[in-house]
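See below for the structure under consideration.
The numbers here are math on the coordinates, done by the rules we state, and not lab data. Quick caveat: nothing in here was measured; it's all calculated off a predicted structure. Neighbour counts are summed over all protein chains in view; Cβ atoms, including those assigned to glycine, are modelled from backbone coordinates with ideal geometry.
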Amino acid sequence: MATAQGIRAGRAFVELFADDTKLVRGLRQAEKKLKAFGNSVRNLGLKTVAFGSAILAPLAASAKLFSGFGDSVAKMARRTGLTVEALSELQYAAGQSGVEVSELENGFRRMQRTIYDADRGLSTATDAFADLGLTVANLEGLSPEQQFKLLAERISRIEDPTRKAALAMTIFGRSGTQLLPMFASGARGIEVLQEQARQLGLTMSTEDAQAAEVFGDTLDRLWKVIRMGAFNIGAALAPTLQDLANKIMRVMKVASDWIKQNRGFIVSALKVGAVVVAVGIGLTVLGTIISGLGTAF
């Protein structure tokens, strides 16, 4: 049996937490302010992340471009014997002449093979150089870039297009005909395009190329370590996941067997569900009609 003291305590509790008391109103105002402050902090954090991402994205893209392009130029320079500076300028000259970089590299490699064959006395190579008025002695002691320009100059002087193409292919291989547009103005034409590359700031330094190569190799090692880390995580989780997969398969097998044995129930459930949906749609339409009537009245 409730006592008078208990009744008074209950009334005081109800009055204390009634909606219109100052305490409750104050608590609700404090709640709103805390929520507003929390939302403002969250929005500030999202904007900060977006701003930081906007700064990092182009920088990351630049680093990737630096690594990829610089690394390829450095490695190609070693394959051809060219300096990085000369190769980057010749790549620009080739591009302006419609020559692919791969064709330029293949041309250099075949040119060096032809010079080696001529030095050994192979008639095909010596005859080709003789048709250009050259001997192996004219090419010895020159850098690959100088050899390339000398041959380009002599080929550019040939007027017969058939003979020009044949000599270009003999010396530069299948890339010879692809390089003919680059040879059109001889050595001077190539040097003009190289000068344009220097004026446009397109000449890559050996130091930058080597740095890009080192950075690229570092990134490659980093991704290998990351992939191995992910592999080790997978290896640690594999037994647990395998056990879970086996349990799921057993459960699904039981469920599948039950469904096969109770197809009639599944069909009935489908019919019941269809009826419930139809009733819901009917009630929705009916409610809309009633609301419309209420508005009309």
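May I ask you to order 229-238, 104-113 by the average number of other C-beta atoms within 10 Å around their residues, highest value first? All intermediate terms of the calculation are to be shown ahead of the outcome.
On the way: 229-238: 10.0, 104-113: 19.9.
Put in order of decreasing packing, that is 104-113, 229-238.
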Whole-Hz ³J(HN,Hα) from phi, Karplus 6.51 cos²θ - 1.76 cosθ + 1.60, for segment 223-234, glycine and proline x = 5, 5, 5, 5, 4, 5, x, 5, 4, 5, 4, x
Dividing the alpha-carbon Rg of segment 164-252 by 2.2 N^0.38 Å yields what?
-> 2.30
Collect residues whose amide H, placed 1.01 Å from N in the peptide plane, falls under 5 Å from the amide H of residue 97; neighbours closer than 5 in sequence don't count.
-> none
Under the Karplus relation 6.51 cos²θ - 1.76 cosθ + 1.60, θ = phi - 60°, what is the ordered set of whole-Hz ³J(HN,Hα) values for segment 248-263, x standing for Gly and Pro?
-> 4, 5, 5, 5, 5, 5, 4, 5, 5, 4, 5, 5, 4, 7, 10, 5
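Over the Cα atoms of segment 117-225, compute the convex hull volume and normalise it per residue, giving Å³.
Measuring per residue, one finds 163 Å³ for the Cα hull of segment 117-225.
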Residues meeting the amide H criterion for residue 134 (H placed from the backbone, H to H distance under 5 Å, 5 or more places apart or on another chain) are none
If the cut-off is 26 Å between C-alpha atoms, which lysines fall inside it for residue 75, apart from same-chain ones fewer than 8 positions away?
-> 64, 149, 224
For segment 77-104 and segment 115-175, what is the separation of their C-alpha centers, rounded to whole Å?
-> 19 Å
Highest first, please rank the peptides 34-41, 131-138, 86-93 by the mean number of other Cβ atoms sitting within 10 Å of their residues.
-> 86-93, 131-138, 34-41
